[in-house]
Every structure is written in structure tokens, then in C-alpha cells.
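Read the figures in this text as sums done on the coordinates, not as results from a lab. Every value quoted in this text rests on a predicted model; they were computed, and no experiment measured them. Heads up, the Cβs are rebuilt from the backbone with ideal geometry, glycines too, and the neighbour counts pull from every protein chain shown.
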There are 2 protein chains.
Amino acid sequence: MNVMNDSPRRKELTRQAAQLFVQEGFDRTTVRMLAQEMGIKSGSLFHHFRDKQEILAAVIEEGTQNALVIAKAALEQCDNSAEARLQAMARAHLETLLTDRNAHVVALYEWRRLDPEARDHLSHLRDAYEALWEAVIDAALAERLIHGDRFLVARFVMGALNWTVRWYDPAGSRSPDDLAHELVAMITHRA
Amino acid sequence: MNVMNDSPRRKELTRQAAQLFVQEGFDRTTVRMLAQEMGIKSGSLFHHFRDKQEILAAVIEEGTQNALVIAKAALEQCDNSAEARLQAMARAHLETLLTDRNAHVVALYEWRRLDPEARDHLSHLRDAYEALWEAVIDAALAERLIHGDRFLVARFVMGALNWTVRWYDPAGSRSPDDLAHELVAMITHRA
DNA sequence: GGGTCAACCAAGCAAGCGCTAGTGTAAATG
DNA sequence: CATTTACACTAGCGCTTGCTTGGTTGACCC
């Protein structure tokens, strides 16, 4: 057992692990399966990660960090209107789900498999992401673009968006932009 | 190894299994843990269920069947207006999540652990439930109470509702009725 | 009062699990 | 040239897993 830096090699291994975790689930994915997918033997795996748990944490950290970066970038390069910002966030969320699908599915489904320390560390990242959403929703409420309880609206919207991993087909006819449009139209109270 | 009827004993065992599956996840729940929770030895478990998979299927079937019954009852004893029916469905959904929480959390999180035959059988049940939703949403669209794509609206709404298992606290100050109200208000386009 | 049957138990098997120990080797570093 | 580093290998330990086997118990039935 050795390092725990973020070498490029480790990044690639993390990506491949995410793929398997989605296919099989974390518990059903054995270190031998992971090693085979990575083209090495199971013993060699522990040169890159302290243990199996750390692979899961790495997958989720990678995905969440990307989501944060993308969402921030989307907010920076869009209008200041509440509607534009709402739409930018929704679209960014869906695009992350598309480009970084595996990591996010893992984050949604296997969160409970994290040990307490990892969960604690990663929930800070997740909170930072959700704070972006809440700021945008607050602004929309202030402009009276949407109505209702701040807390509830945020959770309803995130639920609707996160649920898309269950049914959204990136190869289908609908683009993330379309979906974001429809969602904003649904909750918006103007013509 | 023996029967696979639906004796009252089996119902009770199923209920206890659901509890453990929620706490630990399906894969991490061992037959020895299940047996201990049930007050029997692990070998005796296989008198009631063919294998571990069948316990999972039993849990999910029970929960989905209950949801169907409750939703149908709610629709029968409410106004014919689209808004009332929308609210009745949302409220029924949330109440099921409250009274039958364990089974539904399992259905949401462990669906992928079902083997293909069980998944096929249970997806028919789930489709019947979703059909109720789509009928109600169709009516609301026809009345122009809500706008948008039938398919997308249905999935956004179900996502928002199912996501509640992540954050909703039944002991908190909000009732299922409150939540249903807020959700309908959010997507509704009238004063 | 012999037969039936659901319900349970003790014991254990074969397979698979996460992880470790110790070693080899090619490239980078001093 | 000598040493360190990064990465991979083989071999296997200690343990848990889902499930099976072979048998016992006690309530009910004609």
C-alpha cells in the first residue's frame, strides 16, 4: 500500500471504477472485477487506493467537483435575470448528468456505502453545490417568478432533475436544453 | 426448501426484511442478519423463501401493491376536478411513503438487484401505478391547469415526489397534505 | 393414535471476499 | 553508477457468504 495522490493514472482508474459501480453496484463489484477492468491484478489495485472504500469516495468526489465547476461556469456566463439563471442551472445539471453520468449515478445510489469520514468530507462538497441552487431559487422567489416555500421548491426541483438518471436517454430526441426549458416552464408563473 | 405461498407468517417476515434492507442495503444484509431479526436460524429462512432474491421481490411487491390500492382509493373518493385529483394522487403517494416507507425505499434503491424474471413481473405492477399518474396529468393538461409535455411533466412530478424519501421527516412540522399542496401549487398555472 | 405437515434447528460446505506480504523491474533521480 | 520511486506481479490468509443437508418438534386430523 502506498500513495493516495491524484495522479493521472489514478484518475483513469477512478473513471473505470465508476463504470463498474454503475453496472453492478458497489457491493457486488469485487476488487478482482475492478482490477480486471483496469487491466491489472487485484493486488496491484492497492498501490493506488488504500482500500475499496477509497475508490468509491474518489468516484463521488470527482463527479461532485465537476458538477460544481460546470454549474459555476454556467452561472458566470449567463444573464442576471432569475429565469435565465434558473435555466442555466437546470441545463448545467442535466449536462453533467450526461457527460459524467457514471459518477453521478454512483453518488446518488451508493452514497450510503461511504464510511462516516468520507461522507462527512463529501457532504461539504455537495452542500456547496446545493447552495448554488438555493441562491438561484431565492432570486426567482424574490422576483416572484415562482411561488412557494424556498426549502420545498429547491427539493422538488432537485428531485425532478436527479430522477432523470432513471429515464433520460441521451441518444433520444430531447436535448438537456429542451428538458431544462420544460422544467422551468412548468414551475414558472408568467406567460 | 418448501413453499412460496403468501402465509401471514411470510408477510410478517417480509415486513422485517424490508426494515433491514433499508438500514443496510440488500447486498450488505446477510441471511444470518435476516434470520436473527426474525428470531429464527438462518437455515429456517429457506423454508419460507426460495432464496434471498425472493425476499427482495416479496418486499417490493408488497409495497407496490399497497401503493396501487391506496392511490385508487384516493381517486375514487375525491372530486372530479383535475386539481383535486392531482392533489389526491400526490397526497396518496406521500402517505404511502410515510406508512409503508421501508418497502418503498427498497423499491427505489434496490430495484436493480432484482433478477430479470422478478424485475419483469414487478415492472408490470409499477406500470399500472404510473398509468394512474399519467391519466391524472392528462386530465390536468386538457383542462389547461398545467402546461407542457405529458411525458416530461409526469416524470418531473414523480421525481420530485420520490426524492422526498431523501429528506422528508414525518416527525417534522409538514404533513403529507402540506407537501402535496405545495407541489400542486408549484406546477399549477392559475391563481 | 398413527399420519401429516408447517416450522424450525444444528452443522457445515464450497465459493468467494477484501486485503497483505514479499518480490521483480524499468524508469527517473542523485 | 547507485539509489529511489512507481507500478506491477504471485500467492495466499482469514473470514464471510448464500445455501444445503438431515433431522426434530408440536399442533392438528381422521
Run residue A:185 past the list (1) facing chain B (nearest Cβ under 7 Å); (2) under 20 Å from the mean Cα position of the chain (by Cα) and report the number of the one that doesn't hold.
(2)
Helices (runs of 4 or more DSSP H) wholly inside segment B:1-104 containing at least 1 residues that are over 16 Å from residue B:165 (Cβ atoms), more than 16 Å from DNA strand C (Cβ to nearest atom) and without any contact (Cβ under 8 Å) to a residue 24 or more places away in the chain:
B:8-24, B:52-76, B:82-99
Among the candidates B:115, B:177, B:120, single out the residue that is touching a helix residue (DSSP H, G or I) at 6+ places or on another chain (Cβ under 6 Å) and closer than 30 Å to residue B:50 by Cα.
B:115
Exclusive hit being away from chain B (no Cβ under 13 Å) and surrounded by fewer than 17 Cβ atoms within 10 Å (Cβ to Cβ), set A:130, A:143:
A:143
So, in segment B:42-61, of the ones that are surrounded by 20 or more Cβ atoms within 10 Å (Cβ to Cβ) and within 23 Å of the chain's Cα centre (by Cα), which residue ends up farthest from DNA strand D (Cβ to nearest atom)?
B:60
On the basis of being surrounded by fewer than 17 Cβ atoms within 10 Å (Cβ to Cβ), aliphatic (A, V, I, L, M) and more than 9 Å from chain A (Cβ to nearest Cβ), does residue B:180 make the cut?
no
Residue list for segment B:105-117, restricted to those being more than 9 Å from the chain's Cα centre (by Cα) and not in a loop (DSSP other than H, G, I, E, B):
B:109, B:111, B:112, B:113, B:116, B:117
For residue A:39, the lone unmet condition from (1) out of contact with any Gly (no Cβ under 8 Å at 6 or more places or on another chain); (2) surrounded by 17 or more Cβ atoms within 10 Å (Cβ to Cβ) is (2)
Being of a type in the set (A, V, I, L, M, F, W, C), away from chain A (no Cβ under 14 Å) and more than 8 Å from DNA strand D (Cβ to nearest atom) is the filter here, so list the residues in segment B:15-33 that pass it.
B:17, B:18
Kindly evaluate residue A:153 against the criterion of being more than 9 Å from every other protein chain (Cβ to nearest Cβ), surrounded by 20 or more Cβ atoms within 10 Å (Cβ to Cβ), more than 15 Å from the chain's Cα centre (by Cα) and in a helix (DSSP H, G or I).
no
